[in-house]
Every structure is written in structure tokens, then in C-alpha cells.
Amino acid sequence: MNIIGPDLLIFGVDDVEACKQFALDYGLTQASEHRFVALDGTGIDIYSKDDSCLPAPLETGSSIRKTIYGVADTATVDAIYDELSKDREVKRLDDGSIEAVDDMGFVLGFQVTMRKPLDMPAEKINAPGAPAQRPANETGVSKDFTPEPRTLSHVVYFVPDYKKAEAFYAERLGFITTDRFSHVGPFMRPAGTTDHHTLFFLNTPPHMKGIEHFTFHMSGPTTVVQAGNRMVEKGYQSFWGPGRHIFGSNWFWYFKSPFGCNMEFDADMDLHDDNWDAREALPGADNSQVFLLQYREKWAPMGPPPPKG
């Protein structure tokens, strides 16, 4: 099935204003009363947890209410409808999308993707022995640059049975497992993208079922660090990073958020096709990142004081 990736995450939260401010500080643009988007139009919807328009919450009270996937065309929407209707209710909504519940109880939507094509340069590097990506007199960084999220990248769920969750997405929706942490869960991508993953499961006790984190792609590692630095300066709590993962190779920086989950910046994720063989590793620090850095306030080395007199 030609599922491209997540278009929209819908949240029902305790503190709407805090979440909206976090979204703006993160770098998203407010597109409507409830919607905050990246440069390609993918994004998040923020509602009060008591709003009657929302699907019912998970029994754990997690803030995620619905994950809407973008697909290539109406034929794919219809194919998903036919497949899922075999054993569960599938609703056709007025906007042309469909809605169902997966085997873990998460509400899913599927729509013809709303993402807009981007035509923007990536972060450029110059390295000895390779052609220069930045020509003479083109600088690589500017302290006045504003990092902006480009597209919704992936979502990570806490689930009580990762094998059951993986089977549903693989067998019913055509997701492909790219790598996995033993006894924890798989990284998965839908067939319509080569991104290393748009979905990851973490096996947890049932009372934790919900969203662990979600993230948007940035233009490169420098923008991940610039964006994260900006969040620290605004008073948000860094959770993990900056660093670089091994599975996916993406640069990362995670922050605690008022959504009841972590929110990440990422960049430079691996791409895989059907020729890739999934790897497996034990969970742990050595397999989670190739390196991890720690934030500190800006400083500058100072020379000796000028002579007196």
C-alpha cells in the first residue's frame, strides 16, 4: 500500500495554551486555531482533552488521540478501507479520509496526503577529498538563521505487545521493519517512503500505553543543535541529546513537552529500499547512539587582562 508517512497527529491535552506556545517555540507555524505545521504542511492539531470532536482517549489517558497517515491517492485510501473492513469498523469521514482503530487501540486516519513538495537545499558540508558543497565565500552558518521544521518525521508508541503491533502494521498496512531492538520493538517504514522509520514501538506494561515521542525532520545537524539551543534558552527541559543514533543514523535532541510526551528534533536519517536487511541489537546506551553530547552555556576563551598603567 502506498502509505507515505504521518501527515497529522491529533492531541487532547490538559493545557492547550502551554502546548500551543511549545509548538511555536519549537518552530512550527500556526495555520489555524488548532493546527501547527511544518514547512510542508504536515503537523499537529491541539485540542483540550475534553473537546467533543476528539476520538475517545486511550484508557491510560495518553494525550495522543489520532494519527493520520498520508497516502498517495484515493485508490490507496480505498484499498486500506477494504483491507481493514474485513475485521473492524472503518468510518468514511466527510473530508474523504477514513478512520479505524489498530490492534493496540490507537485511532488511525488515512487521507490523500496534504504534504506539499519541498524544493530547499540541505545543510552543506565541505570535506577534504570531496567536491566542495559550499563554494568560496559562501559561509556555512549564521547566528541570525532561524531553524524551521521541514516535515513530520515519526511517532513512537508505548505498547504492551510489540509483536502484535508489528504484525498489524506489516500484514494489514504493508509496513516494513528496518531494524529492531531485541525484546523492545521494531523500527518500521510504510511502503511509500524510504525513510528508515516513521514508526517505532517500545514494549511497556499496559498502564503506560500511549505516545513516547514524536519529531519533525530538520535540514541538518546544525539546525538540530540551533533549534535545541533555542529551546534551552527559552527554559524548556532537555531530555536526551544532542547526539546521533545508530539505527537510522539521525541526529537528535529530545525535550520534555506539555503534550505528556517527549518531542524531538531530528535530521539526516538513513534511507532504505526493499534490498535492506533488518538489523537487530540489544537495547542499551552503546546501541542507542554513536555519541551523546551535553549542552552548556556559550562561552569564549579570554586572553590575559590588558596591562595596567
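Within region 96-124, which residues are under 19 Å from Asn2 (Cβ atoms), free of Cβ contacts under 8 Å to residues at least 40 places away in the same chain and either within 19 Å of the chain's Cα centre (by Cα) or part of a loop (DSSP other than H, G, I, E, B) (or both)?
Gly96, Ser97
Please count how many residues of region 96-139 are modelled with pLDDT under 95 and among the charged types (D, E, K, R).
4
Could you check region 285-302 and list, in sequence order, the residues that are part of a loop (DSSP other than H, G, I, E, B), free of Cβ contacts under 8 Å to residues at least 60 places away in the same chain and surrounded by 12 or more Cβ atoms within 10 Å (Cβ to Cβ)?
Result: Gln289, Leu293.
So, in region 274-283, how many residues would count as being surrounded by fewer than 11 Cβ atoms within 10 Å (Cβ to Cβ) and within 17 Å of Pro186 (Cβ to Cβ)?
Initially, region 274-283 is screened for residues surrounded by fewer than 11 Cβ atoms within 10 Å (Cβ to Cβ), giving 274-275, 277, 282.
Now restrict to residues that are within 17 Å of Pro186 (Cβ to Cβ): 274, 277, 282.
The qualifying residues number 3.
Applying the selection to region 31-59, what residues are within 18 Å of Asp15 (Cβ to Cβ) and among the polar types (S, T, N, Q)?
The one that is within 18 Å of Asp15 (Cβ to Cβ) and among the polar types (S, T, N, Q): Ser48.
Given (1) over 27 Å from Gln294 (Cα atoms); (2) over 15 Å from the mean Cα position of the chain (by Cα), where does Arg189 come up short, assuming only one miss?
Arg189 satisfies every listed condition except (2).
Within region 125-152, how many residues turn out to be under 25 Å from Ile176 (Cα atoms) and outside any strand (DSSP E or B)?
Number satisfying all stated conditions: 1.
Only one of these conditions is not met by Arg65: (1) among the charged types (D, E, K, R); (2) surrounded by fewer than 20 Cβ atoms within 10 Å (Cβ to Cβ); (3) not in a loop (DSSP other than H, G, I, E, B). Which number is it?
(2)
Pick from region 225-273 the residues that are assigned to a loop (DSSP other than H, G, I, E, B) and among the hydroxyl-bearing types (Ser, Thr, Tyr): which of them is farthest from His196 (Cα to Cα)?
Going through the qualifying residues, I end up with Tyr236.
Considering only residues that are in contact (Cβ under 8 Å) with a residue 60 or more places away in the chain and either more than 28 Å from Asp14 (Cβ to Cβ) or buried (at least 18 other Cβ atoms within 10 Å of the Cβ) (or both), which ones fall in region 225-249?
The answer is Gln226, Ala227, Gly228, Met231, Tyr236, Phe247, Gly248.
Looking only at region 214-222, decide whether some residue is more than 13 Å from the chain's Cα centre (by Cα), at negative phi, of a type in the set (Val, Ile, Thr) and part of a helix (DSSP H, G or I).
yes
I'd like to know if region 43-55 contains one or more residues that are surrounded by fewer than 19 Cβ atoms within 10 Å (Cβ to Cβ) and either without any contact (Cβ under 8 Å) to a residue 24 or more places away in the chain or under 16 Å from the mean Cα position of the chain (by Cα) (or both).
Yes, there is a match, as at least one residue in region 43-55 is surrounded by fewer than 19 Cβ atoms within 10 Å (Cβ to Cβ) and either without any contact (Cβ under 8 Å) to a residue 24 or more places away in the chain or under 16 Å from the mean Cα position of the chain (by Cα) (or both).
Out of (1) in contact with a strand residue (DSSP E or B) (Cβ under 9 Å, 6 or more places away or on another chain); (2) surrounded by fewer than 18 Cβ atoms within 10 Å (Cβ to Cβ); (3) in contact (Cβ under 8 Å) with a residue 40 or more places away in the chain, the odd one out for Ala267 is which?
Here Ala267 clears every test but (2).
Would you confirm whether any residue within region 179-202 is buried (at least 17 other Cβ atoms within 10 Å of the Cβ), under 20 Å from Met104 (Cβ atoms), at pLDDT 95 or above and of a type in the set (S, T, N, Q)?
yes
Asp82: surrounded by 18 or more Cβ atoms within 10 Å (Cβ to Cβ) and out of contact with any Ser or Thr (no Cβ under 7 Å at 6 or more places or on another chain), yes or no?
No, not satisfied.
The values are calculated or read from the model by the stated rules, or taken from the named source; none is laboratory data. Since the structure is predicted, the reported quantities are computational estimates derived from the model, not experimental observations. Glycine also receives a Cβ, built like all others from the backbone with ideal geometry; neighbour counts cover every protein chain displayed.
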